[in-house]
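Taking it in order: structure first as structure tokens, then the write-up.
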Ligand SMILES: C[S@@+](CC[C@H](N)C(=O)[O-])C[C@H]1O[C@@H](n2cnc3c(N)ncnc32)[C@H](O)[C@@H]1O
């Protein structure tokens, strides 16, 4: 069982129910409210260690015969938890900041992308609020770019900066995001004035956008989740 801070209700419940971290209750609440993961979903879990969201995501897929898969990526090597996970869960040890989209797409069913992307990625917090928020925003931007791709983010309404190759071009193989049309995206950020701007960028790309601070978030934490439902086709952006 991992988790900083004092053992509280969610910590004890996680232990009782076989979850590897109390963070399981954050995704359980997201699932209860938004029902993003359904039987057959293909889920990409960015920043998956120690694996509590892998457990909840796999449970949400329903019985094995319904299909689906969960791919977790983390800087740390993650052993798939024995409880609540089955053969549909796999993990990859990698830095999401350096992963080309093409490589991530190869991990999806028939290389067609994922139907749900979750990012619970968090930097090593320094305690300096503005620095931590800026690092978390960088991780959030990377998750958004990975999901929707450069073309969507390069929309004139968006101020987000795109990464360019040496010749100034965005390479076509890496321009498209790995979230399928109609798919859902969850991104954790540490609260700052940039959260509103981030969510303003997400909104036109999706059918619906919301912000959520789950009940299991520790009172001392500044985390907030941007919940984006139903990726729109490019034409609607
Ligand atoms: C709060 S934990 C995730 C908890 C997880 N959702 C769970 O329920 O078990 C945040 C994770 O983000 C990972 N992380 C941070 N930066 C990353 C990066 N650039 N690439 C991959 N993982 C990253 C950290 O290693 C850490 O394990």
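Read-outs: derived from the displayed coordinates by stated rules, not from any lab. Nothing here was measured: the structure is a model prediction, and the numbers come from that model. Every residue, glycine among them, receives a Cβ derived from its backbone with ideal geometry; neighbour counts consider all protein chains shown.
Legend: ranking of residues 69, 36 from fewest to most surrounding C-beta atoms inside 10 Å; resulting order 69, 36.
Between the Cα long axis of helix 129-153 and the first principal axis of the chain there is an angle of about 60°, rounded to the nearest 10. With each label modelled as a point 7 angstrom along the Cα→C-beta vector, the residue 197-residue 31 pair spans 3.5 nm. The Cα center of region 87-113 and the Cα center of region 119-138 differ in position by 23 Å. Computed over every Cα-Cα pair of region 1-85 and binned at 5 Å starting from 0, the pair-distance distribution P(r) comes out as 3, 15, 25, 26, 19, 9, 2, 1 percent. Between 32, 112, 76, the residue with the greatest mean-square fluctuation in the GNM of the chain (Cα pairs under 10 Å linked by springs) is 32.
Give, in nm to one decimal, the length gained when the segment between residue 207 and residue 128 is fully stretched (0.36 nm per residue of separation minus the Cα-Cα distance).
Between residue 207 and residue 128, full extension yields 24.9 nm more.
When DSSP beta bridges are restricted to pairs lying wholly in the chain, around 40% turn out antiparallel.
Largest GNM mean-square fluctuation among 42, 199, 115, using the chain with Cα springs under 10 Å: 199. Could you compute Rg(Cα) / (2.2 N^0.38 Å) for region 9-236, with N its residue count? Working it through for region 9-236, the quotient is 0.97.
Using a 10 angstrom cutoff on alpha carbons, build the Gaussian network for the chain and name the most mobile of 108, 210, 87. Fluctuation is largest for 87.
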